[in-house]
Structure formats: C-alpha cells, structure tokens
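Scroll down for the structure; my scribbles are underneath it.
The values are calculated or read from the model by the stated rules, or taken from the named source; none is laboratory data. Everything numeric in this text was worked out from a predicted model, so none of it was measured. Methodologically, a virtual Cβ is constructed for each residue, glycine included, from the backbone with ideal geometry; neighbour enumeration extends over all protein chains shown. The protein model used for the area step is the full one, side chains on, heavy atoms only, and it has no ligands, DNA or RNA in it. Shrake-Rupley method; radii C 1.70, N 1.55, O 1.52, S 1.80 Å.
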Amino acid sequence: MPPGRAGSLESLRRLNRLRVIRALRDEGQISRAEIARRTGLSRSTVSSLVADLQSDGLVVERPEPGLAHGSSGGRPPILLSFDASAGAAVGVDFGHSHLRVAVSDLASTILAERTRPLDTDHDAFEGLEMAAELVVETLADAGVAKELVIGAGMGLPGPVDQGDGTVHSSAILPGWIGMTVAEELQKRLEIPVMVDNDANLGALAEAAFGAGRDATDLVYLKVSSGIGAGLILNGRLYRGSAGLAGELGHVLVHPEGIVCRCGNRGCLETVAATGALVDLLRRSHGDDITIERILEAAREGDAGCVRVIHDAGRALGTVAATLLNVLNPEMLIVGGHLAAAGDLLLDGMRESIGRAALPETSRGAQVVAGVLGERAHVLGALALVVSEADRVLPTRLALAG
Ligand SMILES: [Zn+2]
C-alpha cells in the first residue's frame, strides 16, 4: 500500500475513534449497536475501536441496569461508558500577546485554566519556559497528576510543518522560526506534545464543540493580529502538503499596498487584521486607540470605528468568496479577536461574498461568528490530544519506560 494511502487510513481511523468517543460522551451510557447507528460506522469497526479504547482504560462495560436479570427475555445489551477521568489532556495556546493553558478530562470538560500576558517580541525559549511553568501550575489547580496526562496540544499563530514539527519561516513569529517546538516543550514537560497552528485548532474546536458541530465541510477564519483559515474538509482537518494550507492572511488584495511582515505588499493582513484597523484610526481617534476600544466604540455607534470594521469585513469577504467557490463549504465560521464585532464585521463579509461568490455557493454557506470566543484555540488543542489519543498513548508509555 502506498504510504499516502496508509496515512489517510490512519487519519480516518483517528476520526472514527473521535466519533465513537463523541457518541460515548454525549450519551453517557450506550451500546455498541447504538454507537454504530449514531455514527454510521459498521458494527465491526465500532467493536474494534471500542476494544482499543477498553485496552487504553478509557471505556468500561456494564450490563444495563434493570435488565440484568433478563426481565425482557434474551441477552441484555452491554452498555459502554467513557471513563473521562481515566486521563487528562493539556491545551496550550500561544497568541501574539497571550499564553493560555487549560487542563481537561478526556470528555474535554475544563478542570482548570490560566492565562498570562506575553511580550509580542518574546524570545521563543523564554515563551516555552513560561508555558511549561504555567502547565505545572494549571495541573496543580486541577489536582491532576502529570502521570494521568495523555498528551498536550499546542497552538501557535503561524504555520507548523507536520512532518518535522518546525515553525515555517513566513515571519509570523520571528523568534520561533525553524524551531522544533513540540520537541522543546516535550523535553520540559515530559508529556507528549502535538503542535498545530491556531486557525487549525479553532476549526477543530468549532467543529467538535461549537458552531460547526453539524457540518462536515467548514472554513474557520481567524481574524486577530494575524489572519488564517482552518479547513475541515469531509470531516477532516486539511493541512496541505507542508502545513501551509489556509494561509489566507497573505493573499494579495492591493498590489500597491503597504509592505506586509511577510515581505510582500498589500496582503489581506495589511488591510483587515486588528493592527491595520488600529493604524487607520490613529489620526482620527488618537495614538492610544486599541482594538478593544475600537470594538467598544463601534458597538456604541462611532461612525469611524463602524466604517473600518465594515471595510475589513468586505476585504475578508472578497478573499473568502474565492475559498467558497473553490471548496463549497457549508459554513464559514469567523473567530479570533475581531469576531467579537459580530454583524458589524459579518455584514461586510456577506456583502462581498454575495457579490464575488457564485450565487449557489454563497447561498449554501452560512457566515457566522464562532461561539467559543477566545477559548476556541485552547479547546482545539485539547481536542487534538483527545482525537489523537491512539497515537499519544504509546508515546506516553515509551516516555514512562
Ligand atoms: Zn503578507
């Protein structure tokens, strides 16, 4: 079998495993037959996935109460329940200016959470030391022993090569380029670490717990100090050949525009990221204007603030329209800092999408704000760990040995 095919079977199995875990989480107690019905998976697939979960200690069997003495005749169905307390997961979200850590059980119920501000131009090693400290503190808050942690997921605001785990050199996070981040954090924590970019994690979180729960094809657009898209296609996160899929912030919108931090001119980020909005309003609203103030003033009806947010929405919509024409998703979910503007931003996007996308494509795609807010990325980091628990467990055993 060619390696690509084996890889896609492997990721399909992980997705199916997540579906089974979700059914168990939603129902509390459920039979194998019912899991097959709810997930659409075959009985043999369900049995094999359940057997794996049982051997990892994540699923326990119990006879259905009341039917144990066979009152209905025949063999009582065996109910399964997910032992969410059998393990814990750690999520780490590195933003441009914040660090957020959460500890959850395996049902993604948050047990403890901490945040800390971060210098935009922080040194990567300093950042990793701080993350490791914050993880230890958050585990203590949650009362969870490190031995119980099956893995840590980590989100970075930049593309991550899934092959060697390095941060790509597109000048998103200057201090981090070329660093093997997962390895470095794993060394400090002695917990297996998986790293992905924050837009991918936002997509995963909104698909698993948020606005996209019922969608199999969705685009998550993160609009903060950087802009990026996470793509869920056919129920799976699509990363591209080198983890660069969804780098929407660097799509050219104004050939003669200002220079972007990537070195090109007129990228979408230079007109629609939060920093661009702040720059636009400095002359009229004063040097100390911040994105928080802009959002607040726009809600109160300040014409200039409403205007720049609407215009950012229009620029985002024009670029998103191409994505809708190419991918035909069911939903476009907007997250990140600017999503807090709600319809002030989304109306501008809908206007451009209406103009630039095929009518059928734009009618078929709902444009909504994410529902997980600023926690989307850390929740996605936790989902990454739970969905990849099969890959993480052996690593953990190897580390323990
Ligand atoms: Zn750029």
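Taking the Cα centre of the chain as reference, the dipole from Cβ charges on Lys and Arg (+1) and Asp and Glu (-1) amounts to some 1360 debye.
Rank by packing, highest mean first: peptides 268-280, 322-334, with packing defined as the count of other Cβ atoms within 10 Å averaged across residues.
Values: 268-280: 22.5, 322-334: 19.8.
Top of the packing list down: 268-280, 322-334.
Over the chain, accessible surface divided per residue gives 44 Å², non-protein components excluded, 1.4 Å probe. Look at the alpha carbon pairs under 8 Å that are at least 6 residues apart: their mean separation over the length of region 242-377 gives a relative contact order of 20 percent.
Just the Kirkwood number for region 288-329, please: inverse of mean 1/r across all distinct Cα pairs, in Å, one decimal.
Working: mean 1/r = 0.0862 Å⁻¹.
Every distinct Cα pair counted, the radius reaches 11.6 Å.
Over the chain, the ratio between the Cα radius of gyration and 2.2 N^0.38 Å evaluates to 1.04. What a 1.4 Å probe finds exposed on the chain is 51% carbon and sulfur by accessible area, rounded to a whole percent. Hydrodynamic analysis of region 136-239 uses the Kirkwood radius over alpha carbon pairs. Inserted into Stokes-Einstein at 37 °C and 0.692 mPa s, it gives a translational diffusion coefficient of 219 µm²/s. Ordering 356-363, 339-346 by mean Cβ neighbour count within 10 Å, with the highest value first, yields 339-346, 356-363. Summarising the amide proton neighbourhood of M331: residues at separation of 5 or more, or on other chains, whose placed amide H is nearer than 5 Å comprise V219, Q366. Taking every alpha-carbon pair under 8 Å whose residues sit at least 6 apart, the chain reaches a relative contact order of 15 percent. Ranked by the mean number of other Cβ atoms within 10 Å per residue, highest first, peptides 237-248, 44-55 order as 237-248, 44-55. Taking the charge dipole of region 129-280 about its Cα centre, with +1 at Lys and Arg Cβ atoms and -1 at Asp and Glu Cβ atoms, the residue from G228, M194, H254 reaching farthest to the positive side is H254. Spin-label pair V326-E300: with each label point 7 Å from Cα along the Cα-Cβ axis, the two points sit 4.1 nm from one another.
Once backbone amide H atoms are built at 1.01 Å from N, G243 has Q162 as its partners under 5 Å, excluding neighbours fewer than 5 places away on the same chain.
Remark: relative contact order (region 253-325) = 24 percent; criterion is Cα-Cα distance under 8 angstrom and separation of 6 or more residues. The modelled label-to-label distance for the pair E292/A145, using points 7 Å beyond Cα in the direction of Cβ, is 4.1 nm.
Look at where the Cα atoms of region 299-374 and of region 200-277 average out, and the two centres are 12 Å apart.
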